[in-house]
Structures are given as structure tokens and as C-alpha cells.
Amino acid sequence: MGWRLRIEHTTAVRYSGAVLTSFNEARMTPLTLPSQTTLESRVTAGPGTVPVWTYSDYWGSYVSVFDLPEAHDDLEIRAVATVETESSAGLPADGRLDWPGLRAQAGRGRLLEFVLPTTLTTVTDEVSDAAIVEISGRSLSPDEAAAAISALVHDHVTYMPGATGVRTNAQEAWDKGQGVCQDMAQLAVSLMRAAGIPARYVSGYLHPDPEARPGSTAIGQSHAWVEYWAGSWTPLDPTSGAAVAERHVVVARGRDYGDVPPLKGIYHGPPESDMRVTVEVTRLA
């Protein structure tokens, strides 16, 4: 049985002085997919009333675009959405690929974009070879190998808020052995690609309580997990280790975090600023 979730994502930026103008992009609108339906969503920005335009980018994410041409010393973006999610159906019964079938398809078309490494998803040969040796010696199918890699990352990297930043790459997260969901997702993506499995980074939200009752609100942050392709895209969450199901809400997908940041932009003003982010995820039904 699925859930109905309400997400309120607020980002408040305070600059150290007047910003003359700014241009911004927000990726905070949940997608409508077979696993979830976005019933309503809106993104507002200020100070004041700022027009917001929306387009779908190359990766299929909804991007809210706005600019502030007048001087301002603060900025607030608020994204609100109501989404109905589905419970996990598990692996599809048909159409799963073995290794020869996967290799024949992974190197062509748009799947190739999710096999090649990026700056944020690059690890040394020593790390990737060790992971591949561990899974290849167990006669695992691509699905089993992807699950084993996700479990390996979950066991190796301890969840530690503040241990890393948005520019931390997969190798740094592996070396440190600490990080957040972004780091674990990028590391899992890196190792899956090294094993020959197309994989992509997923940005979204998670209600952390699997026993949450209607009306229960969780205070947290954006969440990240992975999807791999072995006949169809299949999600795994290396951070929580739980099935990607009714508690997860997909917002954006890409090669790594750089393709799907919740907020990015440019501005003309002082370099110092303070950003505060709050995310509330409420189970409605």
C-alpha cells in the first residue's frame, strides 16, 4: 500500500551585503513516474513576488528558474508538493539481463552516459578492482552484483553529517569512510559503473520512519540513492539499506550530484553568504 506525502523544502540565504542581481535554478519538484504521482507542487521565491518559470532539462528533471534584477540582501525559496507513492514491487519478473546481455547493451545509446565515470564518481583502480574481485568471485548476476555493491558501500561508509561537502568525490568518501547520502550514492554509482553496470544518481526525499502514521512529520534534508540498469532501471538505497519504496520521493536523476543540485545560481555581490535549509516530510495518508 502506498503513502501520500507532503514535502515542504525551504532554503533561506542571507548575504553579507547587497546583491545587485541574481539568476537561480531550483530542482525541487517531484517527478510523476510509475512509482509515484505528483498531485500538486509549487515553487515560490522572494523577497517579494518573483516570477518563476519551469522547464524540463536534458535528464528529465523539472527546473524552476527565476532571477532577481533588483538589489537584495536575502533570498528564500520554498517548494511544496504532495505526492502519492507506491510500495516496492521488487525486481521485475521478466526482462532481466545476464552479463553478456548487459555488456551488449550498456555501451551504446544513452546508457553509455551512465557507464562512463565523472569527476565526482571516479575512484582509483585499486578501489574499483577490489570491489569487482569481491563480487566476481561469487558468481552473481548483475542484479545481485548491484545489490552487493550497495551493501558494500553501506558497510564501508559511516553516515556522518558534516563530514563531507557537495564537492566531495567518491574516492574521498571511500578514503574517509564517512559521509552523507550524496557520498554513498556517488560511490555506489562509481563501483557499479566500474563493474559494467549502468548506474545513475537520484535526488529526492525520504520519510525516515517506516512505521510513520498519517500526520507524522519528519524534519530532515534532501536524500539521495541510486538506480542501476539491468533490463530496466532499478533503485537501491546504500545509505539506509532499506528498499526504495513508499517512503522515497524522486525529484531528479543524473550522472552525479552535479546534474541535479537542489539549488544553484550566480549573483553579483559579496562572496560571503549563509544558507539554511529545512525539509519537512509529512505522511498524510
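Could you size up the charge dipole of the chain around its Cα centre, putting +1 on the beta carbon of Lys and Arg and -1 on that of Asp and Glu, and report it in debye to the nearest 20?
My answer is approximately 420 debye.
Given 0.36 nm per residue, what is the gain on full extension from His268 to Leu116 after removing their alpha carbon distance, in nm?
In short, 51.2 nm is gained.
Using amide H atoms built 1.01 Å from N in the peptide plane, name the residues 5+ places from Met160, or on other chains, whose amide H lies under 5 Å from its own.
Amide H to amide H, under 5 Å and 5 or more residues apart or across chains, Met160 pairs with Gly179, Val180.
Between Ala93 and Thr54, with labels modelled 7 Å along Cα→Cβ, what's the label distance in nm to one decimal, could you check?
Those two pseudo-labels are separated by 3.6 nm.
Taking amide H atoms as placed 1.01 Å from N in the peptide plane, list the residues 5 or more away in sequence, or in a different chain, whose amide H sits under 5 Å from that of Leu284.
Arg4, Leu5, Arg6, Gly215
Once both labels are modelled 7 Å past Cα along the beta-carbon direction, what's the Thr32-Ala104 spacing in nm?
So the label points at Thr32 and Ala104 sit 3.6 nm apart.
Put a dot 7 Å past each Cα toward the Cβ at Asp209 and Asp175; how far apart are the dots in nm?
If labels sit at Asp175 and Asp209, their model points lie 4.0 nm apart.
What shape does the chain take by its C-alpha gyration tensor, where a ≥ b ≥ c are the square roots of the eigenvalues and a/c under 1.5 counts as rounded, a/b above b/c as prolate, and the rest as oblate?
It is prolate, given that a/c is not under 1.5 and a/b is the larger ratio.
Provide Glu25, Glu280 ordered by accessible surface of protein heavy atoms (probe 1.4 Å), highest first.
So the residues, ranked largest to smallest area, are Glu280, Glu25.
Of Leu102, Pro47, Thr82, which is farthest towards the positive pole of the stretch 37-114's charge dipole, taken about the Cα centre with +1 and -1 on the beta-carbons of Lys, Arg and Asp, Glu respectively?
Highest projection toward the positive end goes to Leu102.
Rounded to whole Hz and in sequence order, give me ³J(HN,Hα) for the stretch 265-271 from the Karplus expression 6.51 cos²θ - 1.76 cosθ + 1.60, θ = phi - 60°, writing x for Gly and Pro.
x, 10, 8, 10, x, x, x
Where a ≥ b ≥ c are the square roots of the eigenvalues of the C-alpha gyration tensor, would you call the stretch 137-285 rounded, which needs a/c under 1.5, or, failing that, prolate if a/b is larger than b/c, or oblate?
Oblate, because a/c is 1.5 or more while a/b does not exceed b/c.
Could you provide, to the nearest whole Å², the per residue accessible area of the chain with probe 1.4 Å?
With the other protein chains kept in place, the chain gives 47 Å² per residue.
Roughly speaking, what is the stretch gain from Ser232 to Glu70, that is 0.36 nm per residue apart minus the C-alpha to C-alpha distance, in nm to one decimal?
53.6 nm
What does the accessible area of Phe114 come to, in Å² to the nearest 10, when a probe of 1.4 Å is used?
Probe radius 1.4 Å; accessible area of Phe114 about 20 Å².
Antiparallel as a % of all DSSP beta bridges within the chain, to the nearest 5?
Approximately 95 percent, going by the DSSP bridge assignments.
Could you give me the ³J(HN,Hα) list for the stretch 170-183, computed from phi with Karplus coefficients 6.51, -1.76, 1.60 and θ = phi - 60°, whole Hz, x at Gly and Pro?
4, 5, 5, 5, 5, 5, 6, x, 9, x, 10, 4, 4, 5
Using +1 on the beta carbon of Lys and Arg, -1 on that of Asp and Glu, and nothing else charged, what's the dipole of the stretch 151-285 about the Cα centre, debye to 20?
260
Whole-Hz ³J(HN,Hα) for each residue in the stretch 197-213, computed from phi via Karplus 6.51 cos²θ - 1.76 cosθ + 1.60 with θ = phi - 60°, x for glycine and proline: what do you get?
For the stretch 197-213, the Karplus curve yields 9, x, 8, 9, 8, 10, 10, x, 9, 9, 7, x, 9, x, 9, 4, 8 Hz.
Take the solvent-accessible surface of the protein heavy atoms, probe 1.4 Å, and return the percent of it on the chain that carbon and sulfur atoms account for.
Here it works out to 52 percent.
Would you mind classifying the stretch 1-121 by shape? Square roots of the alpha carbon gyration tensor eigenvalues, ordered a ≥ b ≥ c; an a/c under 1.5 is rounded, otherwise it is prolate if a/b is larger than b/c and oblate if not.
The shape class here is oblate.
The values are calculated or read from the model by the stated rules, or taken from the named source; none is laboratory data. Predicted, not measured: the structure shown is a model, and the values here were computed from it. Counting neighbours? That spans all protein chains shown, and the Cβs are built from the backbone with ideal geometry, glycine included. Just so you know, the surface numbers come from the protein's heavy atoms only, side chains and all, with ligands and any DNA or RNA stripped out. Shrake-Rupley method; radii C 1.70, N 1.55, O 1.52, S 1.80 Å.
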